[in-house]
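Rule-based calculations on the coordinates, nothing more; no lab input. For clarity, every value in this text was computed on a predicted model and none was experimentally measured. Cβ coordinates were reconstructed from backbone atoms using ideal geometry, including for glycine residues, and neighbour counts include every protein chain displayed.
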Amino acid sequence: MRVCAIIPTYNHVTRLAQICAALKAHGLDVLIVDDGNQEPNRGAIGALHAPQAGIQVIRRAENGGKGAAMQTGFRHALQQNYSHALQIDADGQHELADLAAFLATACSQSRALICGQARYDHSVPKARRYGRYLTHVCVWLETCSFDIHDSMCGLRVYPLAPLGILLRGTRRLGARMDFDIEIAVRLHWLGVRVISLATQVAYPEGNISNFQMLRDNVRISWLHIRLLLQAPFQLAWKALKGALPSSFSAKV
C-alpha cells in the first residue's frame, strides 16, 4: 500500500506549510495542486515545492475548480504508482489529529473509500450546515442506501484503482464543488465499500471560502437531477453484477 496526499488549493496559502508538515509526519508524500493561483499566492505555493522532501507542487494554468484540481492530482498519483490518495482541504478546516485514524482504516480496509463525516462547531455558517442535509437525502436515494453518511466532507482516503476507472471513462466528472458528491456516488455504484469516520470540521477565523452560493448550488442541484435519473439503471447493473458468478462479473 503506497499512499500520497493531495491538497487542491486556490487562494488558501496560510496553513499549507502546517498541513504539509502534518502529512509528512505520517510518512506521506504530498501533491499540492495549484489551481491557477495568481501572485503572491502562486509564489508562496511554489516555495513549498521540494521533491527531494516528498512535496510536489503541480500547477494548473487556469482555475478549474476543486474537482478539476483533484482530478489533476489523481492522474499524477496514478502515474507515480500510488495505490491510495488522501484528500484534504488547504484552508485548515480539517482536524489534523484525525489523520492517523483515516490512514489506519485505509490500511485495514484497502479496497474501501474512507469518507469523513463532519462534526461542526459554532464556526460553521448555518446555511452551509443545514443545506448539506438535502444533499445527504439525495445521495441516499441515488445509492438506495445509507452507506454514504456525508458526501461533502473533503477529508477522505481513496483507493486509486477504481477511481482510475472513472477517470478513464468518457463521462465528464464534476469540476467544482459538485465533485466530492459525484465521485462518492459513482464509486458506490462501482461496488466500492464506503466507510465513514467522524471528524471535527471548523471554519478558521478569516477563512476565504471558494464556495459560490448561487453557482455551486445550481451545479449541485443539476448533478442530483442527473444522478437520480441514472440511479435506477446503475443500481440494476450493480445488482446484476453481484448476482453473476465472480469469474464472469470480474470480466465485465
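Name the long-range amide H neighbours of Arg119: under 5 Å, sequence gap of 5 or more, or other chain; modelled H, no Pro or chain starts.
Thr199, Gln200, Val201
Tabulate in residue order the Karplus-calculated ³J(HN,Hα) for segment 174-183, using 6.51 cos²θ - 1.76 cosθ + 1.60 with θ = phi - 60°, rounded to whole Hz; enter x for Gly and Pro.
x, 9, 10, 6, 7, 5, 4, 5, 5, 5
Around Ala50, which amide H atoms from residues at least 5 apart in sequence, or from another chain, sit under 5 Å from its own amide H, with H modelled in the peptide plane?
Hits under the 5 Å cutoff: Ile55, Gln56, Val57.
Counting GluC sites (Glu not before Pro) as exposed when in a DSSP loop with at most 11 other beta carbons within 10 Å, what is the longest stretch of the chain free of them?
On the way: sites that count: Glu62, Glu205.
Here the longest segment lacking exposed loop sites spans 63-204.
So what is the 222 nm mean residue ellipticity for the chain from helices alone, if each DSSP H run of at least 4 adds -39500 (n - 2.57) and you divide by all residues, rounding to the nearest 500 deg cm²/dmol? Please list the in-between numbers first.
Working: 9 runs with 113 residues, N = 252.
-14000 deg cm²/dmol, from helical runs alone.
Please list, ordered by chain and number, the residues whose modelled amide H lies under 5 Å from the amide H of Ala5; skip anything fewer than 5 residues away on the same chain.
Asp29, Val30, Leu31, Leu86
Farthest toward the dipole's positive end in the chain, which of Ala231, Ala68, Val57, given Cβ charges of +1 (Lys, Arg) and -1 (Asp, Glu) about the Cα centre?
Ala231
Explain nothing, just the number: dipole magnitude of the chain about its Cα centre with +1 on each Lys and Arg Cβ and -1 on each Asp and Glu Cβ, in debye rounded to the nearest 20. Write out the running numbers ahead of the final one.
Details: 27 positive and 18 negative charges, 162 e Å.
In total the dipole reaches around 780 debye.
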